[in-house]
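The values are calculated or read from the model by the stated rules, or taken from the named source; none is laboratory data. Just so we're clear, the structure is a prediction, and the values are computed from it rather than from any experiment. Cβ atoms come from the backbone with ideal geometry, glycine included; neighbour counts cover every protein chain shown.
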Amino acid sequence: MTKKITISPVTRIEGHAKVTIYLDDEGRVDRTYFHVDQFRGYEKFTEGRFYDELPMITPRICGICPVSHHLAAAKACDEILGRPVPRTASLLRELIHMGQVIQSHAMHFFELAGPDIVLGWDADPAVRNVVGLVRANPELALKAVKLRKYGQTIIEEVAGRRIHPTFAIPGGVNASLSGDSRDRILKDVDEMIAYIREGVSIILAFIEEHKEECDAFAAFPSAYMGLVKDGGALELYDGIVRMAGRDGRTLDEFAGRYYLSHIAEKVDDWSYLKFPYFKPLGDPEGHYRVGPLGRLNAADRISTPLAQEEFLKFKAMNGGRPVESSVYYHYAWLIEAVYALERAREILEDGDVLSRDVLNPGPVTNEEGIGVIEAPRGTLFHHYWVDENGTVKKANLIVATGHNNWAMCQAVDNVARGYIQGHDIPEGVLNRVEGAIRCYDPCLSCSTHAIGEMPVVVEVYDHQGAFVASRERA
Amino acid sequence: MTGTLLLGIGNIHREDDGVGPKCVDLVSFPGVHRLVVQQLVPELAETIRDYERVVFVDASLRGGTAELGPLLPRDTDTSFPLTHGMTCEGLLALTEALYGRVPKAFLLSIPGVSFGHGENLSARALENMEEARGILERFFRSGTAADPSHN
C-alpha cells in the first residue's frame with residue numbers, strides 16, 4: 001500500500017506550495033513532489049501597459065526583493081530604448097542592488113536559517129523561531145535587525161524610498177547621489193561587515209559540528225548558473241550568464257538576451273511551475289541550480305578581498321568539485337553578503353558616483369527588451385515585447401524560484417529518503433524536509449498576504465486516498 | 001513611547017489585498033503617523049518599538065464587515081516555515097523580545113473577496129473600507145484605545 005504525506009502551508013490566496021511524500025507499504029519513500037505557484041498572473045497584468053511603467057509595476061511581485069524586479073525591468077527597458085546607460089547610473093543601480101542583497105541575505109540567514117542552526121533541527125518547534133533565536137542570542141539578533149536596516153538604508157538614501165522605489169527609469173536613474181548620503185552609508189559599512197563575519201563564524205562552527213550530516217543533506221549533482229564578469233568573477237548586477245556542469249567546468253557562457261536559445265522549460269502536470277533546463281544537455285541532465293550556491297559553484301573567484309577569503313574555503317569544501325549539499329547554501333548566502341558590503345563600499349568610493357550624468361533618455365527604438373540580474377535567490381529574467389509606441393504586447397519572467405524548481409524537488413526527495421523510516425515521523429524529520437526547501441529560500445507567497453489561516457499540515461493517505469493520519473502546526 | 005502608528009499592509013496590485021494601504025492613504029489624524037508596507041518584515045520591530053500604539057490595517061479573508069480589535073504578542077507566530085510572511089502578533093513578539101517593550105496594538109481587519117491581479121477594489125471591499133474609515137475616525141477622536149469596540 002502506498003501512503004501519502006502532505007506538508008502544506010495553506011496559502012495566501014492563489015494556490016498552494018506544499019510537499020507531498022508517498023510512502024510504500026514498508027514506510028519507505030516511494031516518491032516526493034514539491035508543488036508551487038508561479039507569477040504568470042503578473043505577466044498578463046503587464047500587457048497593454050506602457051513599457052516605462054514596468055519598473056514600477058513589477059516590484060509588486062515581491063515584498064522581499066522588489067529592487068531586483070525594479071532593476072531587471074529597467075534593464076529590459078534600456079534595451080527597448082537602445083541607448084547606453086551613463087556609468088554613474090549603472091553604479092547607483094548596482095548600489096541599491098547591493099542594499100537589497102544585504103537585507104535579503106541577512107534575513108535569510110538570521111531569521112529563516114538561524115533558528116535551525118542556532119537552536120537545532122530538533123529543538124521544540126514552539127521556540128524554534130526568530131523569537132527563540134532572540135532569547136538564545138539577543139546580541140546576534142539585534143545585529144541581524146541592524147544589518148537588514150542597513151541594507152534598507154542604502155536603498156532609501158540612494159533611491160528615496162525603501163520599498164518599491166521609482167528610481168531606475170529607462171536610460172538611467174532619476175536622481176544623483178548626494179555627498180551626505182554617500183558619507184552616511186559609508187560610515188557604518190565596516191561595522192556591518194563585522195556582523196556578517198560573525199554569522200560566517202556561526203555557520204562554519206555548525207558545519208564543523210555536523211559535518212557528516214551537512215555533507216549529505218540534500219546533496220545531489222546538478223549544473224549551476226550565475227552571472228560572471230571579468231574572467232569568471234562573481235557578478236550580481238550585470239555580466240554574462242555562465243552555465244557550469246556537474247564537474248564544475250564551464251559548459252557555456254552567453255549574453256542574457258539570448259536566454260531563449262539556451263534555456264528550455266519542461267512542463268509536468270502535477271506542478272503549476274515549469275522546470276527549466278539547459279537546452280544542450282536536455283532533461284534531466286541539463287537541470288541546474290541558481291542562487292548563492294549556484295553562483296559560487298559557477299564562478300571562479302570573487303573580486304573583493306574578504307569575500308574571496310571565504311570563497312576559497314567554500315571551494316575547498318568538496319575537494320575543488322562543486323559543493324552539492326543544499327545546506328551549504330546557508331554559507332554561500334553569507335559569503336555573498338560580505339561581497340555585497342565590500343562592493344557597496346567600492347561603489348561609494350568610486351570617483352564617478354556623485355556625478356549628475358545619470359540619464360540618457362530617448363524614444364522607443366526596439367520592440368523587444370531583455371533584462372537580466374542576479375536577484376538574491378537567483379537569476380532573474382524580464383523579457384518584454386512592445387509595439388512601436390512602447391505598449392507592452394507580451395512579457396515573460398523567469399524568477400529564481402522557477403529556476404530552482406527541479407532542485408527543490410530533488411532536495412525534498414533526498415531528505416525524505418534519508419530520514420523517513422516507517423510511518424511514525426518525528427517533528428524534527430518534518431522540519432528537515434522543510435529545511436531542505438529553506439536552503440533555497442523560495443518566494444512562495446510574497447504577492448498577497450491577506451489575513452488567513454496558514455497552518456502547516458501533514459496528511460497521510462493510503463493509496464486509495466483514504467485518510468490515515470494528520471499532523472498540523474500553526 | 002509616544003504617538004500612534006497607522007500601519008497599512010498589502011499589495012495594491014492584488015485587488016482587495018490593497019485595501020489596507022488604500023484605507024491608510026484616505027485618512028489623516030493629528031499625532032498619527034502613517035506607513036504602508038507590502039508585508040511585515042523583522043526590521044519593522046525597530047520602527048514600532050517607540051510608539052505608544054500601533055494600529056495594523058490589513059485585508060481579511062474571514063468575510064463580514066470591518067472590525068477593530070486588540071492584539072497581543074504571540075511568540076510562536078513569528079514566521080511561517082516556508083514563507084517570508086510575518087504576522088502582526090509575531091512582529092509584536094519580536095519587538096518585545098528585542099527591545100523589552102511593545103506598543104499597545106490593534107488590528108483593523110477589512111474583509112475582501114477578490115484577490116486577483118488588478119488595482120481596483122471590489123464593491124464589497126470598497127464598502128468595508130468606508131466602514132473601516134469610520135471606525136478609525138471614532139477610534140482616534142475618542143482619544144482612548146482601551147476598548148475599541150465601544151468607539
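Considering segment A:302-325, the residues that are in contact with a strand residue (DSSP E or B) (Cβ under 7 Å, 6 or more places away or on another chain) and among the polar types (S, T, N, Q) include one that is nearest to A:Trp406 (Cα to Cα), namely A:Ser325.
The condition (being assigned to a loop (DSSP other than H, G, I, E, B), polar (S, T, N, Q) and either under 28 Å from A:Ile61 (Cβ atoms) or in contact (Cβ under 8 Å) with a residue 24 or more places away in the chain (or both)) is satisfied by just one residue among A:Ser181, A:Ser176: A:Ser176.
The single condition among (1) without any contact (Cβ under 8 Å) to a residue 60 or more places away in the chain; (2) in contact with a strand residue (DSSP E or B) (Cβ under 8 Å, 6 or more places away or on another chain); (3) more than 8 Å from chain A (Cβ to nearest Cβ) that B:Arg49 does not meet is (2).
Summed over segment A:239-266, residues that are modelled with pLDDT of 95 or more, touching a strand residue (DSSP E or B) at 6+ places or on another chain (Cβ under 8 Å) and of a type in the set (Asp, Glu) total 2.
Quick grid of which residues meet (1) surrounded by fewer than 19 Cβ atoms within 10 Å (Cβ to Cβ); (2) assigned to a helix (DSSP H, G or I); (3) out of contact with any Phe, Trp or Tyr (no Cβ under 7 Å at 6 or more places or on another chain); (4) at pLDDT 95 or above:
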| site | (1), (2), (3), (4) |
| --- | --- |
| B:Thr2 | yes, no, yes, no |
| B:Pro21 | no, yes, yes, yes |
| B:Val24 | no, yes, yes, yes |
| B:Pro30 | yes, no, yes, no |
| B:Arg34 | yes, no, yes, yes |
| B:Thr47 | yes, yes, yes, no |
| B:Ala59 | no, no, yes, no |
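Filtered by the rule that a residue be crowded, with 22+ Cβ neighbours inside 10 Å, of a type outside the set (Phe, Trp, Tyr) and within 7 Å of chain A (Cβ to nearest Cβ), segment B:94-116 gives B:Leu94, B:Ser109, B:Gly112.
B:Glu89 meets the conditions (1) under 14 Å from the mean Cα position of the chain (by Cα); (2) at the interface with another protein chain (Cβ under 10 Å from one of its Cβ atoms); (3) not in a loop (DSSP other than H, G, I, E, B) in every case but one. The failed one is (2). Of all the residues in segment A:351-397, those that are out of contact with any helix residue (DSSP H, G or I) (no Cβ under 9 Å at 6 or more places or on another chain) and surrounded by 15 or more Cβ atoms within 10 Å (Cβ to Cβ) number 1. Residues in segment A:144-165 that are modelled with pLDDT of 90 or more and away from chain B (no Cβ under 11 Å): A:Ile154, A:Ile155, A:Glu156, A:Glu157, A:Val158, A:Ala159.
Taking segment B:67-83 as the range and being at pLDDT 70 or above and within 7 Å of chain A (Cβ to nearest Cβ) as the test, only B:Asp75 passes.
The sole residue among A:Asp52, A:Asp30, A:Asp25 that is assigned to a strand (DSSP E or B), away from chain B (no Cβ under 14 Å) and modelled with pLDDT of 75 or more is A:Asp30.
Yes/no matrix, rows are residues, columns are (1) among the charged types (D, E, K, R); (2) in contact (Cβ under 8 Å) with a residue 24 or more places away in the chain:
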position	(1), (2)
B:Leu91	no, yes
B:Leu94	no, yes
B:Arg101	yes, yes
B:Lys104	yes, yes
B:Val113	no, yes
B:Gly116	no, yes
B:Gly134	no, no
B:Arg138	yes, no
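Got at least one residue in segment A:95-105 being more than 10 Å from every other protein chain (Cβ to nearest Cβ), over 15 Å from the mean Cα position of the chain (by Cα) and modelled with pLDDT of 90 or more? There is at least one residue in segment A:95-105 that is more than 10 Å from every other protein chain (Cβ to nearest Cβ), over 15 Å from the mean Cα position of the chain (by Cα) and modelled with pLDDT of 90 or more. Of the candidates A:Val392, A:Val372, A:Val353, the single residue that is over 30 Å from A:Gly120 (Cβ atoms) and either among the polar types (S, T, N, Q) or part of a loop (DSSP other than H, G, I, E, B) (or both) is A:Val353. Do we have any residue at all in segment A:114-128 that's buried (at least 22 other Cβ atoms within 10 Å of the Cβ), within 7 Å of another protein chain (Cβ to nearest Cβ) and either in contact with a Pro (Cβ under 8 Å, 6 or more places away or on another chain) or hydrophobic (A, V, I, L, M, F, W, C) (or both)? For segment A:114-128, residues buried (at least 22 other Cβ atoms within 10 Å of the Cβ), within 7 Å of another protein chain (Cβ to nearest Cβ) and either in contact with a Pro (Cβ under 8 Å, 6 or more places away or on another chain) or hydrophobic (A, V, I, L, M, F, W, C) (or both): absent.
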